[in-house]
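**Q** First the structure, then my questions, so here it is.
What follows draws every value from the coordinates through simple rules; no lab data is involved. Since this is a predicted model, take the numbers as computed values, not measurements. Methodologically, a virtual Cβ is constructed for each residue, glycine included, from the backbone with ideal geometry; neighbour enumeration extends over all protein chains shown.
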Amino acid sequence: ILFKDNTVRNAAYSAGFGIATGSDDNLYLTGNEVYENPFAGFKLGTWGTKDSQEVPHTGQITISGEASYTFAGTAYTDGSPNKFYSNGRGGIVTGEVSTFSIIKNEIYDNGWGGIHTGWLEPLSSFTWPGGSTPAQMYIRTNKIYGKGTGTATAGGGIDVMYAYGAIENNLVYENNYAGMRVGDGVLSGMTIRHNTVADNGGGATPAASRVG
């Protein structure tokens, strides 16, 4: 599924999402503007619980502003940044195991922060659904900033739990909560490097590591 150059705003109900998916399809988003939705700009799975996620999402999800890309075997040269802003909670949230690439997007002024991955459960009570592996996350070259207040368990610029992969070359600034937060279930295979993180707030829980 190629989702390109759409404007998505004002989802109709109080827990509404601009774009939501729970299928196993491959999904590529480029050039979209997603804003002023009550909950999140983009959502995969149920954020905050594992109870309904017995089978992990198996498709590749790519949210990308790269000009050149390949989707379903076809090469394109018309990609542009997605913008996720002024959503009630997160810009991009996922509570389901999947393979994600979030590249060259602008994510700002969302109520609870920019990118949140993983369930809001302590590691001691967590089991991977269906015996699957953790989420595989590649978060690269995004600009994430502004206003997100966060909570004690979620929020900030980039907030990652139950995942591995790479967080690289992002610009994260002026978030009211921590700029980057690495919580429960992040494996040793996670690489975090070459990010610029400045002028953010604090408030990460003791069980989490954070970068201001």
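**Q** If amide H atoms are built 1.01 Å from N in the plane of the peptide, which residues on other chains or at least 5 residues away come under 5 Å of the amide H of Ile19?
**A** Amide H neighbours of Ile19: Phe42, Lys43.
**Q** What residues qualify as long-range amide H neighbours of Thr99, i.e. H under 5 Å apart, gap of 5 or more or another chain, H built at 1.01 Å from N?
**A** Ile61, Gln136
**Q** Follow-up. Through the Karplus equation 6.51 cos²θ - 1.76 cosθ + 1.60, θ set to phi - 60°, convert the phi angles of the stretch 103-117 into ³J(HN,Hα) values in whole Hz; use x for Gly and Pro.
**A** 9, 6, 10, 10, 10, 7, 6, 8, x, 9, x, x, 10, 10, 10
**Q** A further question on this structure: Starting with the highest mean, order 59-71, 168-180 by the number of other Cβ atoms within 10 Å, averaged over the residues of each peptide. Intermediate values should be presented prior to the final figure.
**A** On the way: 59-71: 17.7, 168-180: 22.5.
Packing proxy ranking, top to bottom: 168-180, 59-71.
**Q** Spelling out what I want: for every residue of the stretch 85-93, take phi, set θ = phi - 60°, compute 6.51 cos²θ - 1.76 cosθ + 1.60 (Karplus), and round to whole Hz; glycine and proline get x.
**A** Calculated HN-Hα couplings, in order: 8, 6, 8, x, 10, x, x, 10, 10 Hz.
**Q** Okay, moving on. In terms of modelled amide H atoms, which long-range or inter-chain residues lie less than 5 Å from the amide H of Asn6?
**A** Asn32, Glu33
**Q** What list of ³J(HN,Hα) couplings, whole Hz, do you get for the stretch 60-66 from phi and the Karplus terms 6.51, -1.76, 1.60, once you set θ to phi - 60° and write x for glycine and proline?
**A** 8, 10, 10, 10, 9, x, 5
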